[in-house]
Amino acid sequence: MSAVAQQAPKKAPTPKARKSLNAGQARNGLLLVLPTLLFLSVIILYPLINAVVISFEKDAGLDKATGMFVQGGGAGISNYTHWLLQQCGTESCPPGTLGAQFYSAFWVTIFFTVVSVAIETVLGIWFAMIMNRDFKGRALVRAAILVPWAIPTAVTAKLFYFIFAYDGIANHLLGNIGLGPFLWTSDPWAAKFAIIIADVWKTTPFMALLILAGLQLIPSDVYEAAEIDGATKWQTFTKITLPLVKVPLMVAVLFRTLDVLRIYDLPAILTNGVGGTTSLSMLVVSQIRAGGFNSASALSTLVFLLIAFTAFLFIQFGGADVIKRPPGAKKKKDAAPPTAPAATAVAAQSGVTP
Amino acid sequence: MTAVTAATTRAADAAEAQEIVFKKDTGAKVRMYLGLAVLVIWGLAPAYWMVVTAFRNVGYTFDTSPWPTHVTLDNFKTAFSTGRGNHFGAALVHSIIIGIVVTAVAMLVGMFAAYAMARMEFPGKYVVLGFILGASMFPGVALLTPLFKLFANLKWLAGANYQALVIPYISFALPLTIYTLTAFLAEMPWDLEESARIDGCTPAQAFRKIMLPLATPGLFTTAILVFLASWNEFMLASQFTTPQTQTVTVAIASFTGSQPHQEPYTAVMAAGAIVTVPLIIMVLIFQRWIVSGLTAGGVKG
């Protein structure tokens with residue numbers, strides 16, 4: 001190693017000399033990522049596997065057939081049919097039980113996801129286009145828009161609980177234009193939109209900043225050319241802007257979608273599930289509190305599969321290129337480091353809970 | 001360096017193009033400033049409402065005047081009072097302890113991995129990258145049940161066992177730490193490191209003495225992001241904390257007032273303001289770094 005190091009300055013800095021300077025990379029590289037892999041394996045990989053294993057075991061409880069208290073044992077797929085086919089024991093789940101809430105929780109979660117992400121995408125693009133101009137006080141506007149992002153979701157939920165109180169400012173302002181008053185935290189439709197409004201408020205700015213970063217990479221001469229060719233504003237937007245921000249946009253949409261699919265904090269605090277706003281994550285927590293660890297594991301595994309399947313669809317067909325592998329990176333030793341458009345979206349999450 | 005010049009040129013071009021547009025259409029300028037006003041109101045109005053309410057006498061909770069009326073500091077006193085089972089003051093201390101430990105460990109562990117990802121080639125690199133990315137997409141609830149059982153067996157769900165939150169938080173923060181740091185590290189002038197190595201520094205020395213000082217803005221931004229993530233987490237905290245480790249988000253969510261079934265709005269807004277305003281000030285000061293940190297990996301490559 002030292003001999004090589006002494007020789008190196010004499011040589012021109014060819015790739016070969018550089019390679020010898022970086023000898024031992026393979027071992028050192030693995031050594032450096034080892035602590036990370038250890039943390040992720042213990043806290044994410046092991047529990048995931050464990051959850052799948054215990055989802056095929058019985059919850060401790062009274063056996064319906066014999067009336068005896070049983071501790072565990074193989075359950076086959078009964079924990080899954082409990083949720084998917086609504087089977088509690090031998091009959092179907094009675095209304096009001098946690099089991100019977102599965103499809104309500106599933107569809108309301110999908111509803112939150114589709115509506116929130118659609119509104120956030122449209123507003124995010126609009127916000128980004130407003131900020132993609134040269135104006136004084138640019139820093140001020142960007143700072144203002146970071147405020148919702150920085151506020152903890154739990155505090156956001158409490159803040160909107162106050163804003164949406166019966167005597168609150170939302171009903172007051174709507175009353176001025178002759179609407180309402182709405183029962184924002186108990187009426188089934190109003191409660192759903194209270195959650196969506198709070199979610200959109202908190203996460204649109206982030207989406208806007210990500211799209212803005214994409215917009216700023218579009219060279220201005222493309223727009224000039226379009227103007228000379230007589231393109232309308234709408235044509236410029238649909239034929240130039242949208243295709244050129246597609247990748248950062250799809251990454252942002254992907255991560256927001258996965259984020260809303262596991263929504264917990266907002267509905268748990270803002271409505272506590274009133275008016276059919278219990279999300280899938282809330283149902284898992286309720287099931288754990290009720291002591292049904294094994295059926296809760298089956299449900300959380302279903303949530304995981306839903307999210308994994310959604311991510312797969314986006315990456316495969318939606319053009320959300322989350323890991324950009326430099327061309328030929330596998331073969332070349334001196335390949336550029338991988339960049340991760342995902343970084344941004346990862347940071348977007350309000351909590352550390354992935 | 002060239003990137004900076006190019007960016008400046010682009011900005012100048014954009015400004016020029018903008019001026020041409022404005023000459024044509026003065027309405028565009030008006031529309032732009034209206035749009036900017038919408039953005040600022042969007043960002044600030046609800047947060048402003050929280051702060052205004054925090055200073056309002058509890059008897060005027062639903063006052064609708066947009067400026068503070070009936071100003072009082074009582075709500076802050078109520079927020080910190082330990083009667084009625086509220087422990088907001090203690091929760092602040094817990095959240096700060098947890099946040100600092102999580103940030104320190106995640107940064108240290110994440111830095112090793114980010115350096116390897118940005119600077120080294122090793123077998124299985126893309127498998128590791130995929131694993132880290134997968135970990136970041138994970139639904140937290142999928143881990144809740146097994147972790148709950150595991151921590152219950154370890155007797156971590158009673159008493160002052162911070163590790164029941166600290167260890168999961170570190171794991172959840174690591175993907176974010178590594179991605180943000182990798183993006184920052186990839187943009188640094190690594191020729192300097194090469195020179196240091198040629199001058200006889202070991203790789204570790206070259207990193208510590210030359211590159212670390214240059215990386216400070218990136219490290220600092222990442223640390224803020226990790227601390228924020230830990231500070232803001234609610235779901236695990238609501239399941240795994242005891243009165244001795246309760247965090248601020250849980251304390252605020254479960255805040256009870258003097259009357260049953262009557263939400264102590266003003267006190268909750270005061271508590272929310274205490275939790276939020278220092279973060280907002282920090283975010284405003286480091287706005288430029290945070291925006292570049294948030295979007296660093298987002299669009300390049």
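The values are calculated or read from the model by the stated rules, or taken from the named source; none is laboratory data. On a predicted model such as this, the values are computed, not experimentally measured, just so you know. Positions of Cβ are generated from backbone atoms using ideal geometry, with glycine treated the same way; all protein chains shown enter the neighbour counts. Ligands, DNA and RNA are stripped out before the accessible areas are found, and what is left, the full protein with its side chains, is counted by its heavy atoms. Shrake-Rupley method; radii C 1.70, N 1.55, O 1.52, S 1.80 Å.
Scanning for something open to solvent by less than 30 Å² (accessible area, probe 1.4 Å), assigned by TED's automatic domain parsing to the domain that holds residue B:271 and modelled with pLDDT of 85 or more, does region B:152-165 turn up at least one residue? Within region B:152-165, one or more residues are open to solvent by less than 30 Å² (accessible area, probe 1.4 Å), assigned by TED's automatic domain parsing to the domain that holds residue B:271 and modelled with pLDDT of 85 or more.
Beta carbons closer than 6 Å, at least 6 apart along the sequence or on distinct chains, pair a first residue in region A:264-282 that is within 10 Å of another protein chain (Cβ to nearest Cβ) and in contact (Cβ under 8 Å) with a residue 60 or more places away in the chain with a second that is open to solvent by less than 20 Å² (accessible area, probe 1.4 Å) and charged (D, E, K, R) for A:266/A:199. Among residues of region B:129-144 that are facing chain A (nearest Cβ under 7 Å), those with a beta-carbon under 9 Å from a residue that is among the basic types (Lys, Arg) at least six positions away or on a different chain give the pairs B:129/A:325; B:138/A:262; B:139/A:262; B:140/A:262; B:141/A:262; B:142/A:262.
Can you pull out every residue in region B:38-79 that is at pLDDT below 85 and of a type in the set (Phe, Trp, Tyr)? If the condition is that a residue be at pLDDT below 85 and of a type in the set (Phe, Trp, Tyr), then B:60, B:62, B:67 are the ones that fit.
Return the residues of region A:202-220 that are open to solvent by 10 Å² or more (accessible area, probe 1.4 Å) and facing another protein chain (nearest Cβ under 7 Å); say none if nothing qualifies. Residues satisfying the conditions are A:213, A:217, A:219, A:220.
The residues of region B:178-202 that are closer than 13 Å to residue B:118 by Cβ and in a helix (DSSP H, G or I), listed by number, are B:178, B:179, B:180, B:181, B:182, B:183, B:184, B:185, B:186, B:193.
Residues of region B:167-208 that are of a type in the set (Gly, Ala, Ser) and closer than 30 Å to residue A:42 by Cβ: B:171, B:173, B:183, B:186, B:204.
Filter region B:157-175 down to the residues that are more than 7 Å from chain A (Cβ to nearest Cβ) and in contact (Cβ under 8 Å) with a residue 40 or more places away in the chain and list them by number. Within region B:157-175, B:157, B:158, B:159, B:160, B:161, B:162, B:164, B:165, B:166 qualify. Within region A:168-199, being outside any helix (DSSP H, G or I) and open to solvent by less than 30 Å² (accessible area, probe 1.4 Å) holds for A:168, A:184. Taking residue B:223, is it more than 10 Å from chain A (Cβ to nearest Cβ) and either in contact with an Asp or Glu (Cβ under 6 Å, 6 or more places away or on another chain) or part of a helix (DSSP H, G or I) (or both)? Yes: the conditions hold for residue B:223. Scanning region B:193-251 for residues that are charged (D, E, K, R) and closer than 25 Å to residue B:175 by Cα, we see that the one that is most open to solvent (accessible area, probe 1.4 Å) is B:208.
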